[in-house]
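Engineer: First the structure, then my questions, so here it is.
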Amino acid sequence: MCPKVHADIEMPMARTGDSTKTDGDSGKHVRKFAQKVERCPGLVWQKMWKLGREDPRRVIHSLKVGISLTVVSLLYLIEPLFLGIGDNAIWAVMTVVLVLEFTVGATLCKGLNRGFGTLLAGSLAFLMEYIADESGPIFRAIFIGAAVFLIGAAATYTRFFPFIKKNYDYGVVIFLLTFNLITVSSYRVENVLKIAHQRLYTIAIGCCICLIMTLLIFPNWSGQDLHNSTVSKLERLAKSIDACVKEYFNENNIEITEHESSEDPIYEGYKAVLDSKSTDETLALHASWEPRHSRYRHKFPSQQYLKLGAVLRHFCYTVVALHGCLQTEIQAPQSVRALFKDPCIRLAGEVAKVLMELADSIRKRCHCSPEILSDHLQEALKDLNTAITSQPRLFFGSNINQDSNMLALAAAAHASQEHQKDSRVSSSSVKTDASTLLEWKSRRVSEQSKEAKRKLLSRLSSKIAITSLEFSEALPFAAFASLIVEIVAKLDQIIVEVEELGRKACFEEYKHGDQIVVTSERPLIVVAQNNIPSHGAE
């Protein structure tokens, strides 16, 4: 009886303790959830405010979409309009939602594709309906099924052509949708012609509202976005190169972890250039649909912008390698870096200055100076070459017989390995099977315990072998210096493409009275009084 009583007493106590613990945990979760809910409106408002401050055009575009949807909703809200169009007014709402894009080029691309696709599909569907009306119901059903199959297969096959896929894919999809809706529904609906007319009218109304909102009210041009993106890429590369070289010669330079490298401003600078291909191609495609809206009605050279973007990405690969020198395992000591600090920083500053001048010439739509590769850049390059040649012992070492000594050490190590193998074979031949089995088991256990140590020792030994060479201290800097020289060599390709862009876009000619003062932090433009006002070239 006693054990039973004690069990009955103890069990409720245990349950009470568990329930108290559970209630406490649940209370903590409820309080945390309540705190998150309280902070949620503030966080949402901060993100919305930040998004709008980064680009105020996003707020304007949102308002334009809201006004457009309100206008097309009048087809439902106003009784005379609803009686004239009916339930097909929903197609106008769908058109606004699908067609009205952020830029003029994107809206024109989708709007014209939707309009022409709907018109072509409706015309073809009416032709099929006229032919099918002259036959019986059985032949009519067969004819409609065959037409849907042939048109659907042919239109889908055309989408695989690169030109159609690039420019008219949305129009082909709208053509297929409209053709099937009209053709198939005509078999059961008697007055399909009237329904098709109403849908065509509502789609036309939606497209017109989209074109008016995007062309006449604060238009956002895809060509201008591509133009500004090119300027931004040149400036980002200039700042990344200048910051990377200064960071390399910084005495307080510490090892950067993988998480910190993703937030590094140097990394963020060239990452935007490497990731710009798809965005540039989309902007160039939409810019080809835009009308010539500039002052002198010049054609926008979208393909030349793409060529310049490709050259900048190839140039950026060298900048990535230059940034990688800051994170290599073997680093040159500060004593070696100090010998070449001044010429390298000067050379990087001159490269950044050239890139900033190119960016400013594109921004102002004028040709760059013929003397953009100034004498200061050549002098900095010569000073770096002189500094490197003045320290031959750092790069070639002082021991003339170093190669022969290294070969001798390698031969001795190989001979010792062969001797150990021969000794193992001779000793194993005289052992019995039982002793061999026991030795194999013990060796297996010891090898498993020493596997991690061997891997660590192998890595350390490789580093020791590298650092033991006399020229290894200057070897990392040699790679860094060669990349800087490679960056200087690739500047010619960028300058050629920028000049070609200026020729095709009809940029203003460079005037000797203009003076551009550029720093690595922020460009300062000083223009003479006889400078002609800049104009658009799109």
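Engineer: Looking at region 232-251, is at least one residue at pLDDT 90 or above, under 23 Å from Asn113 (Cβ atoms), open to solvent by 60 Å² or more (accessible area, probe 1.4 Å) and not acidic (Asp, Glu)?
Structural biologist: There is no residue in region 232-251 that is at pLDDT 90 or above, under 23 Å from Asn113 (Cβ atoms), open to solvent by 60 Å² or more (accessible area, probe 1.4 Å) and not acidic (Asp, Glu).
Engineer: Confirm whether His197 is within 30 Å of Phe300 (Cα to Cα), in a helix (DSSP H, G or I) and of a type outside the set (A, V, I, L, M).
Structural biologist: Here the answer is no, as His197 does not meet what is asked.
Engineer: Quick one: what pairs do we get from region 138-166, first residue within 14 Å of Val184 (Cα to Cα) and hydrophobic (A, V, I, L, M, F, W, C), second open to solvent by less than 50 Å² (accessible area, probe 1.4 Å) and outside any helix (DSSP H, G or I), C-beta under 8 Å, 6+ apart or different chains?
Structural biologist: Short answer, once both residue conditions are applied: Phe143/Ser135; Ile144/Ser186.
Engineer: Being closer than 18 Å to Glu101 by Cβ and open to solvent by 80 Å² or more (accessible area, probe 1.4 Å) is the filter here, so list the residues in region 58-80 that pass it.
Structural biologist: Arg58, Leu63, Ile67
Engineer: Next question. Just the residues that are surrounded by 17 or more Cβ atoms within 10 Å (Cβ to Cβ) and in a helix (DSSP H, G or I), please, taken from region 162-179.
Structural biologist: Those that are surrounded by 17 or more Cβ atoms within 10 Å (Cβ to Cβ) and in a helix (DSSP H, G or I): Tyr170, Gly171, Val172, Ile174, Phe175, Leu176, Thr178, Phe179.
Engineer: Looking at region 41-57, can you tell me whether even one residue there is modelled with pLDDT of 75 or more, open to solvent by less than 100 Å² (accessible area, probe 1.4 Å), part of a helix (DSSP H, G or I) and under 30 Å from Ile174 (Cβ atoms)?
Structural biologist: yes
Engineer: Just to be sure, is Asn220 polar (S, T, N, Q) and either surrounded by fewer than 16 Cβ atoms within 10 Å (Cβ to Cβ) or closer than 15 Å to Leu119 by Cα (or both)?
Structural biologist: no
Engineer: Scanning region 89-146 for residues that are assigned to a helix (DSSP H, G or I) and among the charged types (D, E, K, R), which turns out farthest from the chain's Cα centre (by Cα)?
Structural biologist: Ranking the candidates gives Asp133 first.
Rundown of residues vs (1) over 28 Å from the mean Cα position of the chain (by Cα); (2) open to solvent by 80 Å² or more (accessible area, probe 1.4 Å); (3) modelled with pLDDT under 50, yes/no style:
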residue	(1), (2), (3)
Val485	no, no, no
Lys490	no, no, no
Ser520	no, no, yes
Ala528	yes, no, yes
Ala537	no, no, yes
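Engineer: Moving to a separate point now. Could you tell me which residue of region 363-383 is modelled with the highest pLDDT, considering only residues that are open to solvent by 50 Å² or more (accessible area, probe 1.4 Å) and not in a helix (DSSP H, G or I)?
Structural biologist: The selected residue is Lys364.
The values are calculated or read from the model by the stated rules, or taken from the named source; none is laboratory data. Since the structure is predicted, the reported quantities are computational estimates derived from the model, not experimental observations. For neighbour counting, all protein chains shown are included, and Cβ atoms are generated from backbone atoms with ideal geometry for every residue, glycine included. Accessible surface areas use protein heavy atoms only, side chains included; no ligands, DNA or RNA. Shrake-Rupley method; radii C 1.70, N 1.55, O 1.52, S 1.80 Å.
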